[in-house]
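The values are calculated or read from the model by the stated rules, or taken from the named source; none is laboratory data. Nothing here was measured: the structure is a model prediction, and the numbers come from that model. Virtual Cβ from ideal backbone geometry, glycine too; neighbours counted across all protein chains shown. Each accessible area value is taken on the protein alone, full model and side chains, heavy atoms only, with ligands, DNA and RNA left out. Shrake-Rupley method; radii C 1.70, N 1.55, O 1.52, S 1.80 Å.
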Amino acid sequence: MRLAILDDYQNYGPTAVAWEAIEGLDVVSFGDHVYTETDLIHRLQGFDAVLRIRERTEFSVEVLAALPQLRLVLCTGMRNARSIDLAACDRLGITVCATDALHQTTVELTVWLMIALMRGLPRECASLRAGGWQVGVGRSLGGKTLGVVGLGNMGIPVAKICKIMGMDVIAWSPNLTQERAAEHGVRAVSKEELFAQADVVTLHMPHINATEHLVSAAELALMKPTAFIVNTARPKLIDQEALLDALQSGRIAGLGADVFDIEPLPRDHPFRLLPNVLATPHIGFVVEENYRIFYETSFENLKAYLAGKPQNRITGERPFLPDSQVAKQMHSSKLSVA
């Protein structure tokens, strides 16, 4: 069997587990990303299995149908339904197996982005490296208002942490009730109120048809000119053209982003250049602890598949992984989510 590891930016895959323990397995790691379906199809010719790191590469029905030798897709993480055509995999006889993930790592990054934006950390660090000293006056999160869009598995721990730091937390999602928000010490408000009142808006919604461009020019226009927006969830939650316009015109103070429409981000993309953008290269989940879960579980998933007993399968009818020991451990943590 030939296994391709895609988008292995850190060249972590070849030595992550004892691949050599599987007789006859040929593992090939690709450290770069291919942007077109044609190039992806060309790259994967002759491979029987693919290991995919989160959603770095999408698999459409056209790609899957063009790879008749492909029999197994090893996914990492639980949210895969929009980036892999699972129904097509079912029809084509391609087995898809997934893993858990420690999502609190993205919570950590979200809070750091808020602090870094409010305190002007990129500016101050750049001054220090250049031989200078203090060049600006930051703002504290204490006493400010945090607007959480999506008070769920991610939004709840972010809200808890920010309340500890003295923020007033408000939240909105389509089905959020005042009673449910109050359970977490949060006030439920309308979408319009949230964007108008928040000093920092943080997004924690899944990307589905109903949430695409949830943040449009209208919502951005409601924000204070001193307010920041942070997105560590999904890029398509925000109308990117409207966001870029708001940043370039200074209608909002800035953006903290870990997710982008195109990844890796093109070298000339404005998000790499604008002084009011703090962008990280989709590192919310990129920690040793998550990589161990991804590779060790994928290794076990591969062995189970080769033994004729696939495990942790996801299908078009069952797109999410059921609770495992890792998920149960995350459920038991006050700040962790599954």
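Listing for the model above:
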{"item": "For the chain, the longest site-free run once trypsin sites (Lys or Arg not before Pro) in DSSP loop states with at most 12 other Cβ atoms within 10 Å are removed", "result": "1-266"}
{"item": "Of all accessible heavy-atom area on the chain, the percent that carbon and sulfur account for (1.4 Å)", "result": "53"}
{"item": "C-alpha long axis of helix 288-306 to longest principal axis of the chain, angle in °", "result": "30"}
{"item": "Estimated FRET transfer efficiency when R0 is 30 angstrom, pair Q178-T226 (beta carbons, to 0.05)", "result": "0.60"}
{"item": "Distance violations [Cα-Cα > 32 Å] among K144/K236; K236/K309; K160/K309; K163/K191", "result": "K236/K309; K160/K309"}
{"item": "FRET efficiency, A210 to L128 (Cβ-Cβ, R0 41 Å, nearest 0.05)", "result": "0.35"}
{"item": "Rounded tilt (10° steps) of 155-164 against the dominant C-alpha axis of the chain", "result": "40"}
{"item": "In the stretch 57-162, the chymotrypsin sites (Phe, Trp or Tyr not before Pro) that fall in loop regions by DSSP, at most 15 other Cβ within 10 Å", "result": "W133"}
{"item": "Per-selection Rg to Rh, the stretch 207-263 - Cα, Kirkwood hydrodynamic radius", "result": "0.94"}
{"item": "The chain: calculated mean residue ellipticity at 222 nm from DSSP helix runs of at least 4, using -39500 (n - 2.57)", "result": "-9000 deg cm²/dmol"}
{"item": "Gap separating the Cα centres of the stretch 95-127 and the stretch 33-76, nearest whole Å", "result": "28"}
{"item": "3J(HN,Hα) from dihedral phi, the stretch 92-105, Karplus parametrisation 6.51/-1.76/1.60, rounded to Hz, x for glycine, proline", "result": "8, x, 9, 7, 10, 10, 10, 9, 7, 7, 8, 6, 5, 5"}
{"item": "Heavy-atom surface of the chain, accessible at 1.4 Å and reported per residue (Å²)", "result": "47"}
{"item": "Alpha-carbon Debye profile of the chain, log10 I(q)/I(0) at 0.08, 0.10, 0.12, 0.13 Å⁻¹", "result": "-0.42, -0.65, -0.91, -1.04"}
{"item": "Listed residue (V169, M154, H282) projecting farthest to the positive dipole end of the chain, Cβ model", "result": "V169"}
